[in-house]
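The values are calculated or read from the model by the stated rules, or taken from the named source; none is laboratory data. Just so we're clear, the structure is a prediction, and the values are computed from it rather than from any experiment. Cβ atoms come from the backbone with ideal geometry, glycine included; neighbour counts cover every protein chain shown.
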Amino acid sequence: MLDITAADRIAIHETIALHGHVADDRDWDRWGELYTDDVVLDLEDFGSGTTRGLAALRKMARDTQSDPTQPLGHHVTNIVVVAEDGDRVRARSKGLAVNADGTSGTVVYEDTLRREPQGWRICHRKALARRAPAQA
């Protein structure tokens, strides 16, 4: 059984949910409200490699914010805390993206969050693309 409080759960959910608002507002200076300074963002499944550190994440976001393939809407849902180890928890959530051309996509986020002095922050995120099976 997980030994975290209801207040911790709410804070973890809010941190994960904040991603969509910050990303859609293109408010990269607020990334520190959801990620640690030493964050690792694994976007290998999307062909975008792994980004290490908050400064590098902000640079990547600014460099790609005008890319027309970037989603217009990021929606995070189905957040569950699956494991706890001291001041760290692992969480899984689903993401939905709405693109400018009207298409949509889905992702699974596998997050590790760490309790920081300012609250729960994501220190590792792996984004896994959900794709239709290949046709035989």
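Things worth noting here:
- Flag set for Thr112, criterion: in contact with a Cys (Cβ under 6 Å, 6 or more places away or on another chain), closer than 14 Å to Asp38 by Cβ and of a type outside the set (D, E, K, R).
- For the criterion of being touching a His at 6+ places or on another chain (Cβ under 8 Å), modelled with pLDDT under 95 and of a type in the set (A, V, I, L, M, F, W, C), Val98 passes.
- Residues in the stretch 110-123 that are closer than 19 Å to Asn78 by Cβ and touching a residue at least 40 places away in the same chain (Cβ under 8 Å): Asp111, Leu113, Trp120, Ile122.
- Given (1) in contact (Cβ under 8 Å) with a residue 24 or more places away in the chain; (2) of a type outside the set (Gly, Ala, Ser); (3) over 21 Å from Asp101 (Cα atoms); (4) out of contact with any Leu (no Cβ under 8 Å at 6 or more places or on another chain), index of the condition Phe46 fails: (3)
- Scanning the stretch 49-78 for residues that are free of Cβ contacts under 8 Å to residues at least 40 places away in the same chain and among the β-branched types (Val, Ile, Thr), we see that the one that is surrounded by the most Cβ atoms within 10 Å (Cβ to Cβ) is Thr51.
- One residue alone among Val107, Val40, Val81 is touching a residue at least 40 places away in the same chain (Cβ under 8 Å) and either more than 22 Å from Ile10 (Cβ to Cβ) or not in a strand (DSSP E or B) (or both), and that residue is Val40.
- Scanning the stretch 84-104 for residues that are in contact (Cβ under 8 Å) with a residue 12 or more places away in the chain and either assigned to a loop (DSSP other than H, G, I, E, B) or of a type in the set (Gly, Ala, Ser) (or both) yields Asp87, Ala91, Ser93, Gly95, Ala97, Asn99, Ala100.
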